[in-house]
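Since the structure comes first, as structure tokens, the remarks are kept for the end.
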Amino acid sequence: MSSIKIECVLPENCRCGESPVWEEASDSLLFVDIPAKKLCRWDSLTKQVQRVTMDAPVSSVALRQSGGYVATIGTKFCALNWEEQSAVVLATVDNDKKNNRFNDGKVDPAGRYFAGTMAEETAPAVLERHQGSLYSLFPDHHVKKYFDQVDISNGLDWSLDHKIFYYIDSLSYSVDAFDYDLQTGQISNRRSVYKLEKEEQIPDGMCIDAEGKLWVACYNGGRVIRLDPVTGKRLQTVKLPVDKTTSCCFGGKNYSEMYVTCARDGMDPEGLLRQPEAGGIFKITGLGVKGIAPYSCAG
């Protein structure tokens, strides 16, 4: 094992940092701060951060094939013009559920933007249950709804052969898999591939590595765990100096670094004194495994 190094590269004090995405073209990390309604772009070379504030919670961001970005803002799929700090609505979901918002989202290998919803929380992980659904925005901007009865729609990614879709509904404490049809975007045959252990707490964001293993950020667990979705075994645990780890992605040179977001909402003053880097962006090096580049939205 190479020696693992964990450092807080950006003390951002995010209330709830999420959706880290590496943009290779600019050597930058994109991420959001959901309740602060902020989209952020951290330049890994200059260490500068640019921030754009929206008019509703921003829960995920992704690259767009035609340039700029796409994001889930409130209950809307939006296209973003970063220079003008403006958003154009591409589609809206959950019109009948005024208390809902999007949560995590990611683009599939065919350029569809998958994202799920949840009820707005009254406190972290405290909310009206079964209010969410999973959707995807197709390149022609039509929206497909896959299923409802979701508590907290969260981490998602696809197997390296694009035949399996991995998905987390946080309060099920499970990482699930579906058969995936890349041509049609259909999913079927849901099953659990890993059940979290008590000390791992709540499964949140997730990404896949170049060996086809899953990395899951454990909210309140202060760690990311590496799973083998075929055997259902946990292969590795990497603990961070903050409890509320929310999501992870690979980035940097050859996607050899891992970036981890976290939250500070829900922590008391004593907890914040103990964990002053809560809400920061962390970089993990020396994992000995690389990630893959994120897909770009075709819509």
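The values are calculated or read from the model by the stated rules, or taken from the named source; none is laboratory data. It should be emphasised that the depicted structure is a prediction, and the values quoted were computed from it without experimental measurement. Don't worry about glycine lacking a Cβ; one is built from the backbone with ideal geometry, like all the others, and counts go over all protein chains shown. Accessible surface areas use protein heavy atoms only, side chains included; no ligands, DNA or RNA. Shrake-Rupley method; radii C 1.70, N 1.55, O 1.52, S 1.80 Å.
Key figures for this structure:
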{"read-out": "Potential extension, A210-A91 segment - 0.36 nm per residue separation minus Cα distance", "value": "39.6 nm"}
{"read-out": "Relative contact order %, the chain, counting alpha carbon pairs below 8 Å whose residues are six or more apart", "value": "19 percent"}
{"read-out": "In Å, descending, principal axis extents of the Cα set of region 142-299", "value": "50, 38, 35"}
{"read-out": "Accessible area in square angstrom per residue, region 5-285, 1.4 angstrom probe", "value": "40 Å²"}
{"read-out": "Cα-projected label distance for N13 with D268, points at 7 Å along beta-carbon direction, nm", "value": "2.2 nm"}
{"read-out": "Label corresponding to Cα Rg over 2.2 N^0.38 Å when calculated from the structure given, among (1) 0.90; (2) 0.94; (3) 1.01", "value": "(1)"}
{"read-out": "Carbon + sulfur, % of accessible area of the chain - ligands and nucleic acids excluded, 1.4 Å", "value": "47 percent"}
{"read-out": "Point-charge dipole on Cβ atoms (K/R +1, D/E -1) for region 2-130, about Cα centre, debye to 20", "value": "160 debye"}
{"read-out": "Test item: Cα-centred dipole of the chain, Lys/Arg +1 and Asp/Glu -1 on Cβ, debye", "value": "280 debye"}
{"read-out": "Set of aspartates and glutamates near K38 by C-alpha distance (under 16 Å), chain-local residues within fewer than 8 positions excluded", "value": "E12, E18, D55, E83, E84, D104, D265"}
{"read-out": "Cα-based shape type of region 222-285, given that a ≥ b ≥ c are square roots of the gyration tensor eigenvalues and the cut on a/c is 1.5", "value": "oblate"}
{"read-out": "With all protein chains modelled, accessible area of D265 [1.4 Å, Å²]", "value": "50 Å²"}
{"read-out": "Candidate lysines - alpha carbon under 26 Å from K233, same-chain residues fewer than 8 apart omitted", "value": "K5, K106, K163, K195, K198, K213, K244, K283, K290"}
{"read-out": "All-pairs Cα distance distribution in region 69-108, expressed in whole percent, bin size 10 Å", "value": "30, 51, 19, 1"}
{"read-out": "Difference of contour (0.36 nm per residue) and Cα-Cα distance, I6 to K233", "value": "79.3 nm"}
